[in-house]
Amino acid sequence: MKAAQFRRFGGPEVLEIVDLPDPHPGPGQVRIVVRAAGINATEWKLRKGLLNFGDGLPQTTGRDVAGVVDEVGEGVTDVVVGDRVFGVSDDGAGAAELALLTHRAPIPPSLGFVDAASLPVALETATRSLDQLGVGPGVILLINGTTGGIGGVAVQLAIARGARVIGAAGAANQDYLRLLGAEPVTYGEGMADRVRALAPDGVDAALDVAGSGVLPELIALAGGPQNVVTLADIDGAKQHEVRFSSGFQGHAFHALAKIGGLIEAGRFWLPVERTYPLDEISEAHRVSEHGHVRGRIVLVIPPLRSIWRTCSCWLD
Ligand SMILES: NC(=O)c1ccc[n+]([C@@H]2O[C@H](COP(=O)([O-])OP(=O)(O)OC[C@H]3O[C@@H](n4cnc5c(N)ncnc54)[C@H](OP(=O)(O)O)[C@@H]3O)[C@@H](O)[C@H]2O)c1
């Protein structure tokens with residue numbers, strides 16, 4: 001199969017498309033023919049060597065995927081060959097023609113592969129961090145970094161839980177944030193004053209998605225470090241005794257199977273800013289790394305495999 005990988009850490013140019021052996025599912029896994037693979041910020045951080053999940057070199061890339069099941073492993077009962085599923089690629093090898101998934105769910109009927117591939121990591125991460133903050137009805141939640149994938153998902157899931165959300169985004173994204181249902185403020189100097197203008201007594205909880213060095217302000221606004229979670233500021237978390245939320249502490253993959261209700265009710269939506277073919281993955285990483293994607297960017301992988309059966313499930 002064709003797959004993206006890198007042989008050394010570095011800029012987007014280290015990414016290459018190579019031929020790798022077709023993988024086959026073990027117990028509990030399914031194999032999908034990948035139709036679309038989302039790119040979240042973790043991908044370029046791993047490629048640069050800024051994050052390390054214990055994988056050596058060469059290293060594959062891509063966690064968010066959507067496609068069609070074409071093999072099932074022992075003990076799999078939730079899906080069958082031909083089902084449209086989305087999920088997180090085992091071993092981070094989703095930017096490829098085939099991927100193995102342990103954590104997956106059926107794609108909600110009204111979503112195509114591209115939209116579905118934008119969601120899995122963001123759904124899991126946002127759900128986990130909202131749970132850790134105890135976000136529920138009546139909670140006033142501040143989210144720092146709301147324009148990207150995780151931020152956009154966190155805003156909408158928090159609102160669906162009955163929270164009031166104040167979100168920090170760039171000046172160009174204030175209307176976008178209103179569209180998601182949050183009360184927008186711009187980030188940068190004076191952010192805390194702008195939040196206090198909306199919530200004079202401060203907020204109940206704060207989620208730092210951007211990791212932009214604002215933990216002291218979030219702690220002050222939320223009444224202490226125990227009410228703050230960061231997803232991206234490892235050093236700041238240590239320094240300010242804030243919880244760093246990591247998937248290594250436990251996952252919330254159940255969020256994938258639950259999102260269909262909100263989507264079909266028209267209460268959840270994440271924009272896909274742009275799609276790229278797999279062989280333009282370097283450019284897609286470059287755009288992601290620039291740090292101002294609205295929603296997600298997604299790789300599209302054409303249905304060229306000779307193993308495919310004729311089935312309407314291949315259509316988007
Ligand atoms: N801990 C975990 O379990 C976990 C899991 C997955 C990802 N992550 C991390 O979570 C972070 C977000 O990931 P993602 O994929 O959602 O990122 P993303 O989609 O690339 O987010 C980009 C967004 O960040 C916003 N942003 C940039 N600078 C900002 C600032 N100074 N203040 C506030 N917002 C700012 C931008 O908004 P504007 O365009 O409005 O400026 C942009 O749209 C990354 O650091 C990623 O590594 C953590």
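Annotations for the structure displayed:
- Estimated from the Cβ-Cβ distance and a Förster radius of 22 angstrom, the FRET efficiency linking K45 and E280 is about 0.65.
- Within the chain, longest stretch free of exposed chymotrypsin sites (Phe, Trp or Tyr not before Pro) [DSSP loop, at most 15 other beta carbons within 10 Å]: 54-268
- Theoretical gain in end-to-end length, V80 to F9 [0.36 nm per residue, Cα-Cα removed]: 21.8 nm
- Cα-based shape type of the range 138-194, given that a ≥ b ≥ c are square roots of the gyration tensor eigenvalues and the cut on a/c is 1.5: oblate
- Estimated [θ] at 222 nm from DSSP helical runs (n ≥ 4, -39500 (n - 2.57)) normalised by residues in the chain, nearest 500: -8000 deg cm²/dmol
- Residues considered: G38, G151, G162. Largest GNM mean-square fluctuation over the chain, using C-alpha springs under 10 Å, is found at G162.
- Set of lysines near K45 by C-alpha distance (under 22 Å), chain-local residues within fewer than 8 positions excluded: K238
- Sorting E97, E71 by accessible area puts them as E71, E97; the probe is 1.4 Å, largest comes first, and only protein heavy atoms count.
- By DSSP, the beta bridges lying fully in the range 98-236 are antiparallel in about 0 percent of cases.
- Summary value for the range 125-244: 23 percent relative contact order, contacts being C-alpha pairs under 8 angstrom separated by 6+ residues.
- Neighbour net charge for P271 - beta-carbon separation under 11 angstrom, K R +1, D E -1: +1
- Gyration tensor verdict on the range 125-244 (Cα atoms; rounded if a/c is under 1.5, prolate if a/b is larger than b/c, oblate otherwise): rounded
- Spin-label pair R243-S110: with each label point 7 Å from Cα along the Cα-Cβ axis, the two points sit 3.3 nm from one another.
- Residue-span extension gain [H254 to E16] - 0.36 nm each, minus C-alpha spacing: 82.4 nm
- Averaged per residue, the chain has 42 square angstrom of accessible surface, using a 1.4 angstrom probe with ligands and nucleic acids left out.
- Rounded, prolate or oblate (a/c below 1.5 giving rounded, otherwise prolate when a/b exceeds b/c) for the range 193-266 by Cα gyration tensor: oblate
- Projected onto their three principal axes, the Cα atoms of the chain cover extents of 61, 43, 35 Å, largest first.
- Cα centroid separation, the range 73-146 to the range 261-301 (Å): 14 Å
- Bridges between two residues of the chain, per DSSP, are antiparallel at a rate of about 60%.
- Counting protein heavy atoms only, the range 125-244 has 51 percent of its accessible area on carbon and sulfur, 1.4 angstrom probe.
The values are calculated or read from the model by the stated rules, or taken from the named source; none is laboratory data. Just so you know, these numbers come straight off a predicted model, no measurement behind them. Quick reminder, even Gly has a Cβ in these numbers, built from the backbone with ideal geometry, and neighbours come from all protein chains shown. With ligands, DNA and RNA removed, areas are computed over all heavy atoms of the protein, side chains included. Shrake-Rupley method; radii C 1.70, N 1.55, O 1.52, S 1.80 Å.
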